[in-house]
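Visitor: Quick one: this structure, given as structure tokens, is what I'll be asking you about.
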Amino acid sequence: MKRLNDEGVDFVIIGGFAAVAYGASTLTRDIGLCAALTRENVERIRAALSGWNPRHRMTPARLSFLTHPSAGEDVKNLYLETDKGVVDILSSVIDVGDFERLSRAAEVVEIDGCEYRIMGLADLIASKEALGRDKDLLASRELRVIEEKRKP
């Protein structure tokens, strides 16, 4: 995430990492982000991940993200595998909205001396419940307890 921050990528942390930032005991092996996938932001993402051999993990050929899609080609979502792990970058989150919507409701947290935006707690709960998988429903119950404890 620091590399993305350093390159000026505009993003919000979503999913398991956001849940952990709120104090949930969720275990996650990937990083989920929501970003405006403009041509400029995609090029910043490429620069940030260039040293980690980013590949499209949802394509049989595992094409390099450094060359595919071509510069200037529209992108909706990125499902990448890198030498450091899986990075999913979405332009919107189901039942919550697009990057602009998530960005407005995001909270700022400090991690290792850097500030990052994380998905708002209510949005995170809504997205976990919309996914409906057992692990997401379990996380949403834990996040609801955290939400309740945060109330004044």
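The values are calculated or read from the model by the stated rules, or taken from the named source; none is laboratory data. As the structure is a prediction and not an experimental result, all values here were calculated from the model. Note that we place each Cβ from the backbone using ideal geometry, even for glycine, and neighbour counts take in every protein chain shown. Heavy atoms of the whole protein, side chains included, go into the accessibility calculation; ligands, DNA and RNA do not. Shrake-Rupley method; radii C 1.70, N 1.55, O 1.52, S 1.80 Å.
Visitor: Given the conditions (1) over 23 Å from residue 27 (Cα atoms); (2) touching a Ser or Thr at 6+ places or on another chain (Cβ under 6 Å); (3) among the charged types (D, E, K, R), and given that residue 129 satisfies all but one, which numbered condition is not satisfied?
Guide: Of the numbered conditions (1) over 23 Å from residue 27 (Cα atoms); (2) touching a Ser or Thr at 6+ places or on another chain (Cβ under 6 Å); (3) among the charged types (D, E, K, R), the odd one out for residue 129 is (1).
Visitor: Of everything in region 38-73, what is in a loop (DSSP other than H, G, I, E, B), more than 14 Å from residue 86 (Cα to Cα) and touching a Pro at 6+ places or on another chain (Cβ under 8 Å)? Give them in sequence order.
Guide: Once the filter is applied, which keeps residues that are in a loop (DSSP other than H, G, I, E, B), more than 14 Å from residue 86 (Cα to Cα) and touching a Pro at 6+ places or on another chain (Cβ under 8 Å), region 38-73 yields only 66.
Visitor: Quick check: is even one residue across region 29-39 over 16 Å from the mean Cα position of the chain (by Cα) and farther than 14 Å from residue 99 by Cβ?
Guide: Filtering region 29-39 down to residues over 16 Å from the mean Cα position of the chain (by Cα) leaves 39.
Narrowing the set further to residues that are farther than 14 Å from residue 99 by Cβ leaves 39.
Within region 29-39 (the criterion being over 16 Å from the mean Cα position of the chain (by Cα) and farther than 14 Å from residue 99 by Cβ), the answer is yes, since at least one residue qualifies.
Visitor: Is it the case that region 22-42 has a residue that's of a type in the set (S, T, N, Q), under 29 Å from residue 147 (Cα atoms) and surrounded by 12 or more Cβ atoms within 10 Å (Cβ to Cβ)?
Guide: yes
Visitor: Of all residues being assigned to a strand (DSSP E or B) and of a type in the set (Val, Ile, Thr) in region 7-37, which is modelled with the lowest pLDDT? Just the residue, please.
Guide: Once the filter is applied, the top-ranked residue is 31.
Visitor: Here's another thing I want to ask about it. Name the residue that is farthest from residue 82 (Cα to Cα), counting only residues in region 15-37 that are among the aliphatic types (A, V, I, L, M) and touching a helix residue (DSSP H, G or I) at 6+ places or on another chain (Cβ under 7 Å). Step through it out loud before you land on a result.
Guide: Residues of region 15-37 that are among the aliphatic types (A, V, I, L, M), as a first pass: 18-21, 24, 27, 31, 33, 35-37.
Among the residues that remain, those that are also touching a helix residue (DSSP H, G or I) at 6+ places or on another chain (Cβ under 7 Å) are: 18-19, 24, 31, 35-36.
Details: 18: 20, 19: 22, 24: 26, 31: 11, 35: 18, 36: 20 Å.
Only one residue fits best here, namely 24.
Visitor: When you check residue 139 against the structure, is it at pLDDT below 95, among the hydrophobic types (A, V, I, L, M, F, W, C) and under 30 Å from residue 60 (Cβ atoms), yes or no?
Guide: On the way: at pLDDT below 95: yes; among the hydrophobic types (A, V, I, L, M, F, W, C): yes; under 30 Å from residue 60 (Cβ atoms): no.
Spelling it out, it is not the case that residue 139 is at pLDDT below 95, among the hydrophobic types (A, V, I, L, M, F, W, C) and under 30 Å from residue 60 (Cβ atoms).
Visitor: Looking at region 96-152 only, could you name the residues that are touching a strand residue (DSSP E or B) at 6+ places or on another chain (Cβ under 7 Å), within 18 Å of residue 17 (Cβ to Cβ) and among the charged types (D, E, K, R)?
Guide: Within region 96-152, 107, 115, 117 meet the criteria.
Visitor: Out of all the residues in region 108-152, which are basic (Lys, Arg) and closer than 25 Å to residue 2 by Cβ?
Guide: Matches in region 108-152: 117 only.
Visitor: Could you tell me which numbered condition residue 79 fails, if it satisfies all but one of (1) modelled with pLDDT of 95 or more; (2) under 22 Å from residue 12 (Cβ atoms); (3) surrounded by fewer than 16 Cβ atoms within 10 Å (Cβ to Cβ)?
Guide: (3)
Visitor: Ok, one more. Which one of 4, 63 is within 18 Å of residue 77 (Cα to Cα) and under 12 Å from the mean Cα position of the chain (by Cα)?
Guide: On the way: 63 fails: under 12 Å from the mean Cα position of the chain (by Cα).
From the options 4, 63, the qualifying one is 4.
Visitor: When you go through 61, 106, 47, 71 one by one, which is the residue that is out of contact with any His (no Cβ under 7 Å at 6 or more places or on another chain) and buried (at least 17 other Cβ atoms within 10 Å of the Cβ)?
Guide: Every option except 106 fails the conditions.
Visitor: Are any residues in region 82-103 open to solvent by less than 30 Å² (accessible area, probe 1.4 Å) and of a type in the set (Asp, Glu), and if so, which ones?
Guide: Listed by number, the list holds a single entry, 88.
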